[in-house]
Amino acid sequence: MSLSRSCLSNRNMNGKISSLVEQHGTSATLRPSAVARVGQAVNFAVERFVTVGETIADDYPEVRRGMYEACKEARQAGGAIEHICEVHNEEILPDRTTLVRAARCLLGAVTRVLLLADIVVVKQLLLAKDKVSHSLDRLESVNNFTEFVKAFSQFGSEMVELAHLTGDRQNDLKDERRRAQMSAARQVLERSTMMLLTSSKTCLRHPECASARENRDTVFCQMRRAMDLIHYVVKDGVLNGSDSSVQSDGREELCESDRGTAYSCMRHLQYLLEHSKISMGFAESAVLGLLAGDYTALMRVKELETDPSCQDTLPTSLEAVLERTQDFTDSAYTSHEHREAILECSERLKAELDHLLGLYANIVDFENVSNCPEMDNSVQVCINSARDLSRHLANAAIHQAQDLTTATKQGLELVAAIRQEAIRSEIDRLHHTSNAFHDSIDHILEVCKLLRHVAVSETLQVSAKFTEINLKVYGPQVITAAKCLASYPGSKIGQENLEVFTDMYQWLVSDVTTIVKDVLDASQSKPEKQVYMSLPRPGKHGSTSKPLKAVRLDTEEQEKIAKSGLEMKLISSEMDAETEKWQESNSNPELEENNDIVKRAKNMSAMAFSMYQFTKGEGELKTTQDLFTQAEYFAEEANRLYKVIRQFSYQVPGGTAKKELLANLDKVPTFVQRLQFTVKDHTVGKAATFTKVDNVIQETKNLMNVISKVVTTCFECATKFNLALPQRVRIPCATLDGRPLPGHLSPQALHRIVKKQSSTLPR
């Protein structure tokens, strides 16, 4: 049972109970039948709620006893409330406190059920995380493609389960920081999956290559750190007790160091300065009371002598602020004007605070109590100096952020150059370009660090922090992947691995750009814009020609699309791994280059991946209409692949293998037709369009799943019975009427052309 659903049921009951109590309080103005119906509704809702609770108790012995007791109490309280309302219906008015007592008993029992259900949810989530951890260990230990494909398939299904549970948990979290941390961990796992696939295949293909091992090990390390972060969030700040990478070299990624930003430290300093006004007033009243003969004031004076709020806390807080300002003044990209302004404001703030502390020392001195009229003025001057310093820090960060477009553009150009130099195996030029690329990454990292310092919300602070970490880790891996390809310039898997790491770099650059915009908007006192990465962007929707306005949808709808997209991505990754295994194991690379089944399977995998990117607001598909058009092409390609494999199935000897192949193959036309009907469904309005998008993603995922099974079985049959797969035929000629033919044709296309030309020949 989802905890969010439990909470929703609880809120509904709370509303009904509150309404019932209010109605009972004004029973003279209500008809008895109305109160009776509310009581029945409360009892019915309680019964549904405790039924779910008892189902949880049946499945989980560790909470069974407590859950049964809480459900029993809730059921008794619900029955008592209904009985009270029935008594009301008979126009016998009991004491209102009876209803209040029953309502409190019900709320207490419901709260216990929710707490026990939460224990179960946490246990499920941690168990799913442990399963993924074990699958990662297995993937890391395999040494051949066959074992890897099996292990990756299991890993994919477990990742989907973990994505579902963490998505639900993220929605349930109330703490903004924890919610942002969970989102960051889920994003790392999701994006790293494709890199895990290609880097592992590269390492299996070139086991002697140190660069390939470094790529793979880096991905494994980051995914394990992400899972440790999930553990940290679920356990609310408790680190995983196991021997993990976080315990050794990644602990700083989980600690609350992002609370120590310049903005946070400055806010704390300003809070202490405001609080010092109260402390000073308390000190003066205590001393005056002592002079007036009130000896109880002596205790208040002693409390002030031991109170570190001003004498110790203010200097410590100032030191924390000045320490953070060094990140701005030490940055090579901070302009001279901004550096001078920051240093000047820092010195002024330090001097004003020293003056304030001196006044505070004089206030505590009994003889000089009434000789300090400038206390309030000194505090206000310190607050104004702190605000000036905050403004200059923000200006310095904004100034660097304005130059980010040039830095990111240069970085992308360098990535393109690195790719070409790796393909051409130009080692010397690759080394030179790599140095420039490292400088570009350093520049972007500086911007991320300063933006994190001036971010005004905890969500932005966490996002900037983990974007910086991911860019710092994965950015240099583009060079590592390029070195691997340069060592094996003819390696297709090496080139694919480089492409995937390049895509990751582009994603991270896009993240930085988004964070810059959000931080700038927030710093200019604009409302923080919620970004829905898993929703389609505004555009032409369905059959409507008028662009729809951007409408905020609830988180559950977004997560629904994102989960389906992730499932589809994992299925396409499995099919990619299967086709790669087939190509790597085949002894005739020229035949496999024109293998019609492999080509169409890869084409469908690429289309499915572009649709997955759409669910994240990325890729070439910008509008929902783009998604629907891509789904149409996907269905057509599936139909073509079905015909190719149908012809191939005639070669397969009778037996279990052929039955399995045909059993899966016969499902393809049905799923193709369902997808086509879904795409052609006309919609009007945002809600209907969202439903259509969700249905298209679901039907595409279902079709992709059955296609993956068919392709795998097809390859197994070809290997087992030594059968030749259909080939695309090269036709270096023109048609009879002089029209040129494409370079490669499938057997079906060739058959159609021959049939058409034969029909036009004179008899």
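Quick rundown of the values:
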read-out: Two-site FRET efficiency, ARG429 against HIS134, from Cβ-Cβ distance with R₀ of 35 Å, rounded to 0.05; value: 0.20
read-out: Difference of contour (0.36 nm per residue) and Cα-Cα distance, ASP388 to ALA687; value: 102.9 nm
read-out: Area of ILE515 that stays accessible when all protein chains are in place (1.4 Å probe, Å², to 10); value: 20
read-out: Estimated inter-spin distance, LYS123 and GLN647, nm [label 7 Å along Cα→Cβ]; value: 5.7
read-out: Built amide H within the under 5 Å cut-off of LYS235, gap 5+; value: none
read-out: For ASP312, solvent-accessible area (1.4 Å; no DNA, RNA or ligand), Å²; value: 90
read-out: Estimated inter-spin distance, LYS720 and LYS680, nm [label 7 Å along Cα→Cβ]; value: 3.7
read-out: Amide H contacts of THR683 (H built 1.01 Å from N, under 5 Å, at least 5 apart or other chain); value: SER543, THR544
read-out: Integer Hz, Karplus 6.51/-1.76/1.60 couplings in order for region 474-482, x for Gly and Pro; value: 8, x, x, 5, 4, 5, 4, 5, 5
read-out: ASP312 versus GLN76: modelled label distance in nm, points set 7 Å from Cα along the beta carbon direction; value: 5.1
read-out: Cut-off 14 Å between beta-carbons: net charge of the residues surrounding PRO476, Lys and Arg +1, Asp and Glu -1; value: -3
read-out: Cα centroid separation, region 667-687 to region 645-666 (Å); value: 28
read-out: Hz values of 3J(HN,Hα) by residue in region 318-329 - Karplus curve (6.51, -1.76, 1.60), Gly and Pro given as x; value: 5, 4, 5, 5, 5, 5, 6, 5, 5, 4, 7, 6
read-out: Rg/Rg_globular for region 348-504, with Rg_globular taken as 2.2 N^0.38 Å and Rg from C-alpha atoms; value: 1.71
read-out: Loop-located GluC sites (Glu not before Pro) in region 626-723, at most 12 other Cβ atoms within 10 Å (DSSP); value: none
read-out: Accessible surface, 1.4 Å probe, highest first, among residues TYR271, TYR474; value: TYR271, TYR474
read-out: Length gained when the stretch GLU319-GLN410 is fully extended (0.36 nm per residue, less Cα-Cα span); value: 29.0 nm
read-out: By accessible area with a 1.4 Å probe, ligands and nucleic acids excluded, highest first: order of LEU451, LEU343; value: LEU343, LEU451
read-out: Karplus 3J(HN,Hα) series, Hz, for region 690-706 with 6.51 cos²θ - 1.76 cosθ + 1.60 (x for Gly, Pro); value: 4, 4, 5, 4, 4, 5, 5, 4, 5, 5, 5, 4, 5, 5, 4, 5, 6
read-out: Förster radius 45 Å - calculated FRET efficiency between LYS235 and THR98, Cβ distance, rounded to 0.05; value: 0.60
read-out: Within region 104-237: Cβ-based charge dipole about Cα centre, in debye rounded to nearest 20 (Lys, Arg +1; Asp, Glu -1); value: 280
read-out: Heavy-atom accessible area order for VAL132, VAL38, largest first, 1.4 Å probe; value: VAL38, VAL132
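The values are calculated or read from the model by the stated rules, or taken from the named source; none is laboratory data. Keep in mind it's a predicted model, so treat the numbers as computed, not measured. No Cβ is skipped: glycine too gets one built from the backbone with ideal geometry, and neighbour counts run over all protein chains shown. Note: accessible area is taken over every heavy atom of the protein model, side chains too, but ligands, DNA and RNA are not part of it. Shrake-Rupley method; radii C 1.70, N 1.55, O 1.52, S 1.80 Å.
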